[in-house]
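A.B. asks: Before I ask anything, here is the structure I am working with.
The values are calculated or read from the model by the stated rules, or taken from the named source; none is laboratory data. Not measured: the values here are computed from a predicted model. All Cβ positions, glycine included, derive from the backbone under ideal geometry; neighbour counts span all protein chains shown.
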Amino acid sequence: MYKVGITGGIGTGKSIVCRIFSVLGIPVYDADSRARWLMENHPDIRIALINWLGEEVYAGGRLNRPFLASVAFKNAETTETLNRLTHPSVKEDFIHWVEQHKEAPYIVKEAALLYESGSYKDLDSMIVVSAPLEMRIERVLKRDPQRDRQQIMDIVQRQWPDEKKQSMADYIIHNDEQSLVVEQVLKLHHIFISKLLL
């Protein structure tokens with residue numbers, strides 16, 4: 001199974017790119033939303049998070065997202081702890097998901113931290129979605145009205161810089177309102193299909 005990774009900083013437009021791949025019939029694994037689901041439902045993760053943060057992390061029996069965010073994303077060390085506790089279950093979940101989609105020509109895995117977590121090493125090709133920082137901030141402010149500019153900048157600073165990601169990428173999609181995203185995705189789709197025919 002040929003596996004393609006899609007990553008990029010907050011507000012670059014990874015979801016739009018993935019929606020286009022979905023329309024083309026390519027299965028897309030959204031690692032960030034699966035991780036959120038697993039944190040809510042996976043017994044091993046629940047136990048690990050309670051051991052780390054106490055019962056408050058599941059106040060009322062459900063994941064207390066605001067509390068988790070306030071603690072886990074405080075600094076690089078706490079973010080790393082959260083990743084360490086959740087990553088093995090997400091990796092296992094992805095392996096099962098790939099098995100269920102083995103009839104597809106290839107699959108896409110989307111995650112904000114594919115490089116940072118090291119999980120890019122399990123993929124065959126990497127796409128980085130890129131956009132100018134100011135444009136990214138404006139997009140997130142529009143999309144997430146509960147966030148302010150400083151909170152977005154805090155997230156940006158915890159992610160690898162675009163230049164570092166791009167230097168490791170096999171392909172770059174520019175989502176800067178200058179280049180047509182659909183055209184770029186179609187071109188990559190044909191590249192991946194042709195790789196399978198070789």
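A.B. asks: Just to be sure before I move on: is E116 under 28 Å from V4 (Cβ atoms), surrounded by 12 or more Cβ atoms within 10 Å (Cβ to Cβ), out of contact with any helix residue (DSSP H, G or I) (no Cβ under 6 Å at 6 or more places or on another chain) and outside the structural domain of I191 (by TED's automatic domain parsing) in the structure I sent?
C.D. replies: no
A.B. asks: Would you check if L63 is under 23 Å from the mean Cα position of the chain (by Cα) and more than 24 Å from G118 (Cβ to Cβ)?
C.D. replies: Yes, satisfied.
A.B. asks: Just for region 28-82: of the residues that are in a loop (DSSP other than H, G, I, E, B) and not polar (S, T, N, Q), which one is farthest from K3 (Cα to Cα)?
C.D. replies: In this case the residue turns out to be G54.
A.B. asks: Only residues that are polar (S, T, N, Q), surrounded by 13 or more Cβ atoms within 10 Å (Cβ to Cβ) and farther than 13 Å from V129 by Cβ: list them for region 140-198, please.
C.D. replies: Q151 - this is the single residue of region 140-198 that is polar (S, T, N, Q), surrounded by 13 or more Cβ atoms within 10 Å (Cβ to Cβ) and farther than 13 Å from V129 by Cβ.
A.B. asks: Can you tell me which residue is nearest to F94 (Cα to Cα) among those in region 115-151 that are modelled with pLDDT of 90 or more and assigned to a loop (DSSP other than H, G, I, E, B)?
C.D. replies: Out of the qualifying residues, it is L123.
A.B. asks: How many residues does region 96-114 hold that are among the aliphatic types (A, V, I, L, M), within 16 Å of the chain's Cα centre (by Cα) and part of a helix (DSSP H, G or I)?
C.D. replies: Selection size over region 96-114: 1.
Listed here are the residues, each with its yes/no results for (1) under 16 Å from P105 (Cβ atoms); (2) in contact (Cβ under 8 Å) with a residue 12 or more places away in the chain; (3) loosely packed, with under 15 Cβ neighbours inside 10 Å.
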site	(1), (2), (3)
G8	no, yes, no
G11	no, yes, no
S22	yes, no, yes
P27	yes, yes, no
W37	no, no, yes
D44	no, yes, yes
